[in-house]
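Below: the structure, in structure tokens.
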Amino acid sequence: DAICDEIEAIETENLQGFSQWDGKTKQIVSLEEEWKTIGRAPKKSNTKIFERFRAACDNFFNKKSEFFKEQKKVYADNAAKKLALVEKAEELKDSTQWTAATNELVKLQKEWKEIGPTTHKTSNALWERFNAACNEFFDKKKTVLGDQHKEENENLSKKKAIIEKLEAIAIEGGDNV
């Protein structure tokens, strides 16, 4: 009865992650091993106590199974959401609409952070695609706009030189103006 009471008292409602379930599973397995070391009860109550023991263990493992099924569904939903973001980022990576695409990619990056976890393998593969698309866009933007800024600065220098020449001409020929 004591082992049955202990198994029935195990709280499963607030178990959140795999490690918590694993800890409780180890506890149940340990209690099952202890059960096996105990001899038979009187014939009259042996079947009844074994049924209670089995029901308590089955109840725990059924709840564990449901948790993992739900977790797989959540992971699949999160993976689908992340895949949609990956595809949007890949569509934007070749854009030359720098401001609009930048704003959209930043928005996608924020959404990415808000989506929950997926399986490790899926998460890594999706992240690599998403990150590669974002990096490709931002590298192109940096190259193009960097060249553009360099050209603009060169043009500014040329314009300042022209202004200086005009000012020098105005000063030299100030009497004639």
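The values are calculated or read from the model by the stated rules, or taken from the named source; none is laboratory data. Note that the structure is a prediction, hence the values are computed from the model and not measured. Cβ atoms come from the backbone with ideal geometry, glycine included; neighbour counts cover every protein chain shown. Areas reflect the complete protein model, heavy atoms only, side chains present, ligands, DNA and RNA absent. Shrake-Rupley method; radii C 1.70, N 1.55, O 1.52, S 1.80 Å.
Brief remarks on what is shown
- On the stretch 27-147, 54 percent of the accessible area sits on carbon and sulfur atoms, based on a 1.4 Å probe.
- Debye-sum result for the stretch 43-119 in log10 I(q)/I(0), which assumes one identical scatterer on each alpha carbon, at q = 0.14 Å⁻¹: -0.63
- Scalar couplings 3J(HN,Hα) for the stretch 71-82, obtained by applying the Karplus form with A = 6.51, B = -1.76, C = 1.60 to θ = phi - 60°, are 5, 4, 5, 4, 4, 5, 4, 5, 5, 5, 5, 5 Hz; x denotes Gly and Pro.
- Length gained when the stretch Thr122-Lys43 is fully extended (0.36 nm per residue, less Cα-Cα span): 23.1 nm
- Heavy atoms of Ser30 accessible to a 1.4 Å probe, total area in Å² rounded to 10: 70 Å²
- Peptides 121-129, 39-47 ranked from most to least packed give 121-129, 39-47, packing being the mean of other C-beta atoms within 10 angstrom over each peptide's residues.
- Straight-distance crosslink candidates among lysines, where the alpha carbon sits under 28 Å from Lys72 and sequence neighbours closer than 8 are dropped: Lys24, Lys26, Lys63, Lys64, Lys81, Lys82, Lys88, Lys107, Lys110, Lys113, Lys121
- Convex hull projection area averaged over all views, the chain, Cα basis, nm²: 17.1 nm²
- Rounded to the nearest 10 Å², the accessible area of Glu111 at probe 1.4 Å: 60 Å²
- Asn135 paired with Glu6, simple spin-label distance in nm, labels 7 Å along Cα-to-beta-carbon: 5.2 nm
- Solvent exposure of the chain as accessible area per residue, Å², 1.4 Å probe: 72 Å²
- The Rg/Rh ratio of the stretch 1-83, with both radii computed over alpha carbons and Rh defined as the Kirkwood radius, is 1.14.
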